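Engineer: To start, I am sharing the structure in question, which I have written as structure tokens.
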Amino acid sequence: MKLLLIRHAAAIPRGTPGVPDDERPLTPDGKAKFRVAARGLARVTRRPDLLLTSPLPRARATAEIAARAFANIAPTIEPALARSSVDGIVAALKVHPPDARIALVGHEPLLGALLARLLGAVQGERLAFATGGAALVDLPDGPAADGRLRWFLKPRILRTLAGAAEITKPRADPPTVADGRDV
């Protein structure tokens, strides 16, 4: 299994009057920056077979932007990404084929704890994601076993990669793994 973890893009601040935490939307700047970062994601990794998202608006909006960048994929709500635990997310992943390429759009601190767990860290450890950041993990033995981190990128780096994609001449065919796109 290949697992692409994506933290939602920048949302309005927690505690904004009149906006419950569960309903916080992305900011206009968060949307704009993640549109560029998503193009960078599509440049460095292959299109996922499945795009799972938290049901919260900020994650759903981020997943929709990512879906457009990858083309021909629709986000699917996965409740475990909002209110569950690392064990809940791992259980949700176990129902998918072992060779699946899955993208998850969720929230901190849960994504950071999930990433640490997938890499074999002790319970309670986490690797913090910036808003709009992403990581790719190779899980050859599935989500219940330790995986291998392929990359962990800040959104600024993803936006830079998107810019590089715009500078180079587009190809008729999508690049292959030999062209540098990771798994």
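Engineer: Note down the net charge around ASP141, summing +1 for each Lys or Arg and -1 for each Asp or Glu among other residues with Cβ under 15 Å from its Cβ.
Structural biologist: +1
Engineer: Given H placed on each backbone N at 1.01 Å, which residues far from PHE129 in sequence or on other chains put an amide H within less than 5 Å of it?
Structural biologist: Close amide H contacts, sequence-distant or interchain: GLY112.
Engineer: Scan (i) 4.19; (ii) 1.24; (iii) 0.99 for the value of Cα Rg over 2.2 N^0.38 Å calculated from this model and give just the label.
Structural biologist: Entry (iii).
Engineer: Then there's this: With all protein chains present, how much of the accessible area of the chain (probe radius 1.4 Å) comes from carbon and sulfur, to the nearest whole percent?
Structural biologist: Exposed carbon and sulfur together represent 55 percent of the surface.
Engineer: How far apart, in nm, are two points set 7 Å out from the Cα along the Cα-to-Cβ line at SER85 and at GLU23?
Structural biologist: 3.1
Engineer: Kindly identify the stretch 61-154 as rounded, prolate or oblate by the Cα gyration tensor criterion: order the square roots of the eigenvalues as a ≥ b ≥ c, call it rounded if a/c is under 1.5, otherwise compare a/b with b/c, prolate if a/b is larger, else oblate.
Structural biologist: Rounded is the answer for the stretch 61-154, as its axis ratio a/c remains below 1.5.
Engineer: Hey, another quick one. Any idea what the dipole of the chain comes to, in debye rounded to 20, about its Cα centre with Lys/Arg Cβ at +1 and Asp/Glu Cβ at -1?
Structural biologist: 620
Engineer: Pick from VAL44, VAL36, VAL122: which is most flexible by mean-square fluctuation in a GNM of the chain where alpha carbon atoms under 10 Å apart are linked?
Structural biologist: VAL122
Engineer: Excluding ASP22 itself, calculate the net charge of residues whose Cβ lies under 10 Å from the Cβ of ASP22, where each Lys or Arg counts +1 and each Asp or Glu counts -1.
Structural biologist: It works out to a net charge of +1.
The values are calculated or read from the model by the stated rules, or taken from the named source; none is laboratory data. Nothing here was measured: the structure is a model prediction, and the numbers come from that model. Cβ sites come from the backbone with ideal geometry, for glycine too, and all protein chains shown count toward neighbours. With ligands, DNA and RNA removed, areas are computed over all heavy atoms of the protein, side chains included. Shrake-Rupley method; radii C 1.70, N 1.55, O 1.52, S 1.80 Å.
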